Structure formats: structure tokens, C-alpha cells
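Laboratory data are not the source of any read-out in this text; all were calculated from the coordinates shown. Being a predicted model, the structure only gives us computed values, none of them experimental. Note that we place each Cβ from the backbone using ideal geometry, even for glycine, and neighbour counts take in every protein chain shown.
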Amino acid sequence: MLRFKFIDKIPPSLRNKYILTILIFLIWIFLLDSNNLVARFKDMSELRSLRSDKEYYTNKIEVDKRKLRELKTDNDNLEKFAREQYHMKKADEDLYIVLTPHEDRKISRRNN
């Protein structure tokens, strides 16, 4: 008798075995399976992020290859690079380094 009272409280549409099977299947797919939809969406988001990182690094590699080719082919570019990056100077020159506030903050953080 107790069993019948419980079954009577369930709506008739949920007592249908096909609807009940579909409902259990959807719960399984959305939540319980190891390849559930929540994990799938997280993986797709990570894949988009990795693709954008790949594009960024591919572009960065191309720029670096271009700079390297310029440095290997032209001595003027090599001298310009050495002066800008390593603050090198000729023997008879004075070198004055002017920093923007942003660069100044970077250097002070590095020294602390």
C-alpha cells in the first residue's frame, strides 16, 4: 500500500518508461559520464585558449626570425641592436639612457 501511494504521487508523464529512460540518459550524459558535457565545455575552452597562445607564439617566432635574419646580414643592424639592447657605445661617445616611467618601474621592481 505504501508503494502505491508513492507511485500515485509521480506525474503520469514520468511514469512512462520511454520518458524515464530518456531522462536517465540525459542525466547520465550531462553529469555522470567521464566525458560529460561540463568537462567537454571546459576542454573546449582550454582548446580555444591554447590555439590563441599558439597563434601568438607563431607570430612571435616569425618576428624573431626576421630580426635574426636582419642581424646576420647587416652589420649596421647588429650595431643598432647592440646599442639599443645592451647599451653599448663607441669609445669616444657618451651614453645617456632616458627611461619612461613604465620602464623605470620595471627596473626598480627587478632590483628589489
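Structure notes:
- Looking at region 48-100, the chymotrypsin sites (Phe, Trp or Tyr not before Pro) that sit in a DSSP loop and have at most 16 other Cβ atoms within 10 Å of their own Cβ are 96.
- Shape descriptor for the chain: Rg over Rh equals 1.51 (Cα atoms; Rh from the Kirkwood inverse mean 1/r).
- FRET E, pair residue 37, residue 58, Förster distance 30 Å, beta-carbon r, rounded to 0.05: 0.45
- Sites residue 44 and residue 20, calculated FRET efficiency, Cβ-Cβ separation with R0 35 Å, nearest 0.05: 0.70
- 3J(HN,Hα) along region 83-91, derived from phi through the Karplus expression 6.51 cos²θ - 1.76 cosθ + 1.60 where θ = phi - 60°, amounts to 5, 6, 8, 10, 6, 7, 8, 7, 4 Hz, with x in place of Gly and Pro.
- Net +/- balance of residues flanking residue 90 in space, Cβ distance below 15 Å, scoring K and R +1, D and E -1: -3
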